[in-house]
Amino acid sequence: MRGHQSLRKQRTHWLIWAALLVFFGALFYQPIFRTISLGFNIHFFKDFFTSENFQVTWFTIWQALLSTGLALVIATPIAYSLYKIRFRGQNLITILITLPFLLPTIVVGIGFTSLLTHASAIPLIIASNIFMNFGLAARIIGVTWQSIGDEETDAAALDGAGKIVTFFHVTAIQLRGAYAAAGFLIFLYCAANFGIILVLGNEKTKSLETSIYINAVENLDLPKVATLVLIQSLLTLSLFFAYSRFSRSTVNPFGSSGRNKAKRFEARDLPAMLFTLIVTGGFVVAPLFSVVWRSFHYEGRATWGNFSRLGSSGARDALSITLNHALMNSLRNATVSLLISLGIGLLLAFLLVQTRFHYLSLIFQLPLGISPVVLGLGYLLSFTNGFFPLRSSWLVTPIAQSMVLISLVLQIVLPALRGIGVELRNSAEMDGSNDSTYWWMIQIPLIKKAILLAAIYVLVVSMGEFGAANFLAYGDQATLPTVLYQLISHPGAINYGMAMAASTILIVFAGVVLSLSLL
């Protein structure tokens, strides 16, 4: 009897795996492969090794490497302050440094241009990358640091080693899995940061992302687009392979923010805390405050006018729909993305923990490193006509966004599920629990904080997604980030003020929703 039940469960798992693979194959891999295949011609490999491709690829890599390295350096003392010691105001600082990661890249670009109006493009791009990602690095490093015992560091202190020597010879070695996880994710995000480079860059400052967009939209050069997409895909695959070989730990990139193991603040912790306060105030609050301040000012005087104009089409009819309409579209898309991403992401996480097909996780996590711009273009090419004209439906945007966000859900939920001991499952099976009962009655309650965090991240990231929406959300289906870009592309004080007001709404929305994760 038990053997029959085991066989039936195995068949059920196979059917679910098959359905998920078909789903991902049709809605993620097929559009990517179609984008590449449409550009193949006799000159494809000759065009692959051009100097222009090398320059674009090299800029993408070095700016991401520099941004990642600086973000990790800045994040280290902040991680110590927020997760190894206790002081008042920690929750507020945690919200503030995490908020940039969830902001739309278009808003970050607007924030830095409003604060540093005369800075050159490359320093602004590097600063924006660090601004968006150092909080994520601090969270990953801090959660892992908190879980490490102090026995070895205390022993080093007794032997006369100072804090810096102890960190590099003891703590840093223990944190290498966290640094690898943080560095891997941040490099991917910096390499695929479309909105920031589009807003802050210029014709000479192009990444793989912006080059794909320009060649697809302005030049209509599909062979060139196919070459760039292939280069980006190879870069992403190389990163995933290197990371899987280097890091064998199950570091949760978005782990719990509890501080039950933190010690009380001491005088020797003052430098790290002061550094945290200075970075938070000068590097995080200043750009955000600049946007909020300008949203309440027009032509040098305080006013609510920028917000009252959100129901208009802007100066010289810059918009085809109002910002209020675009906001409703974004909220609708984010809700659909949340349902798809959370539902499929939880199912995938459950299957990956229950079965031995752990290698399949790469198939479902690879979308995290593929550009939403590429995916949006793939949908445009694949689903405009034919037997499945998804392009004609407003659902195309949230579905495309979900293919990337499912990977984000896996990044958050899978480590939490793997942290549940095998003993608990064995005990549940001895009590007669089946997979469904064990899932709903035991696993879900134990990982509810991870699920809530995944839902918050998906909701906010979907609201601000710009790459895929730039190809797929058109006409009266435009989203708030795409409308924001239209506004800043049309000069004038009215359009600029409206962009500031809409950006403020997105900042407040992200901050309020993020605060729920700390409840």
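Readers should treat all values here as calculations from the given coordinates under stated rules, not as data from a laboratory. Please read these numbers as outputs of a predicted model, since none were measured by experiment. We place every Cβ from the backbone using ideal geometry, glycine too, and count neighbours over all the protein chains shown.
Cβ crowding within 10 Å, taken as a proxy for footprinting-reagent exposure, orders T144, T113 from fewest neighbours to most as T113, T144.
Near S320, no amide H atom lies under 5 Å from its own; only residues 5 or more places off or on other chains count, and H is placed 1.01 Å from N.
For an R0 of 60 angstrom, estimate the FRET efficiency from the Cβ-Cβ distance between N385 and R301 and round to the nearest 0.05. Using R0 = 60 Å, I get an efficiency of 0.70. The string of couplings for segment 315-322 from the Karplus curve (6.51, -1.76, 1.60, θ = phi - 60°) is 5, 6, 6, 5, 10, 8, 9, 7 Hz, one whole number per residue in order, with x for Gly and Pro. Using the Karplus relation 6.51 cos²θ - 1.76 cosθ + 1.60 with θ = phi - 60°, the per-residue 3J(HN,Hα) values for segment 272-282 come to 5, 5, 4, 4, 4, 5, 5, 5, 4, x, x Hz, with x marking Gly and Pro. Shown is the FRET efficiency for D221 and I420, computed with R0 = 60 Å from the Cβ-Cβ distance and rounded to the nearest 0.05: 0.75.
Taking a ≥ b ≥ c as the square roots of the eigenvalues of the Cα gyration tensor, segment 452-508 is classed as oblate, since a/c reaches at least 1.5 and a/b does not exceed b/c.
Stretched out straight at 0.36 nm per residue, the stretch from S489 to A242 would grow longer than its current Cα-Cα span by 85.0 nm.
Under a 5 Å amide H cut-off, with hydrogens placed 1.01 Å from N, I85 pairs with K263 among residues at least 5 apart or on other chains.
Summarising the amide proton neighbourhood of Y298: residues at separation of 5 or more, or on other chains, whose placed amide H is nearer than 5 Å comprise T303.
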